[in-house]
Amino acid sequence: MSSVYEQSPRQASGEILMEISNAMMSLFKSQFGRGPTRASAHWCGEDAISVVLEGTLTPAERNLVAMGEHQRLRDARLFFQYASVREICTPIEAITGRKVRAFISGTDTACDGLSVETFVLHPEGYDGASRIDIDSE
């Protein structure tokens, strides 16, 4: 197999997106004990990547939905996402070769936990701090 650098930009981009999708599937499984049923990564312009993850709710989270505790579930999920910024952003940086500038996470609890993880990247060649280095508040 040829290296990413020997491929067309479109082929390289497709491989990067597939690798990100797979990394996020694995990451959700390790962080939440269950992986999503589907993941797809997409470039949003030149400096942002969004990953759409479907079927992310655990059985306990589904119970919260059945109880009507959507806000409690969103709060808990958001808390866990930002507690795991390092684990979530590290593979993005490794795969893209660029540092993450910002990380934005959201989950729609009414749609079986459809989640979107968005990463805004610093420009290529940026040598400063990454989002990983910023303490979450």
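Computed quantities for the displayed model
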item: Probe 1.4 Å, all protein chains present, accessible-area order of 25, 18, 67, largest first; result: 67, 18, 25
item: Estimated 222 nm signal from helices in the chain, with DSSP H stretches of n ≥ 4 weighted -39500 (n - 2.57), rounded to 500; result: -14000 deg cm²/dmol
item: Among 35, 23, 66 - extreme Cα towards positive end, dipole of the chain, charges at beta-carbon; result: 66
item: Estimated dipole of the range 5-137 in Debye, rounded to 20 [Cβ of Lys and Arg +1, of Asp and Glu -1, Cα centre]; result: 360 debye
item: Residue 63 paired with residue 48, simple spin-label distance in nm, labels 7 Å along Cα-to-beta-carbon; result: 3.7 nm
item: Cut-off under 5 Å, modelled amide H: who pairs with residue 114 long-range; result: 55, 56, 108
item: Residue-by-residue Karplus 3J(HN,Hα) for the range 72-89, coefficients 6.51, -1.76, 1.60, Hz, glycine and proline x; result: 4, 5, 4, 4, 5, 4, 4, 4, 5, 4, 6, 6, 10, 3, 4, 5, 7, 7
item: Accessible heavy-atom area order of 37, 118, highest first, probe of 1.4 Å; result: 37, 118
item: Simple spin-label estimate for residue 71 and residue 104 in nanometres, 7 Å along Cα-Cβ; result: 2.3 nm
item: Accessible area per residue, Å², the chain with all protein chains present, probe 1.4 Å; result: 58 Å²
item: Entry for Kirkwood radius over Cα pairs in Å (calculated from the structure that is shown) out of [x] 19.3; [y] 15.2; [z] 15.7; result: [z]
item: Crossing angle, helix 9-32 versus the chain [Cα axis fit, 0-90 degrees, rounded to tens]; result: 30 degrees
item: Whole-Å distance, taken between Cα centres, linking the range 19-57 and the range 97-112; result: 9 Å
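The values are calculated or read from the model by the stated rules, or taken from the named source; none is laboratory data. Everything numeric here is computed off the predicted structure, so don't read it as measured data. Heads up, the Cβs are rebuilt from the backbone with ideal geometry, glycines too, and the neighbour counts pull from every protein chain shown. Note: areas computed on protein heavy atoms with side chains; ligands, DNA, RNA excluded. Shrake-Rupley method; radii C 1.70, N 1.55, O 1.52, S 1.80 Å.
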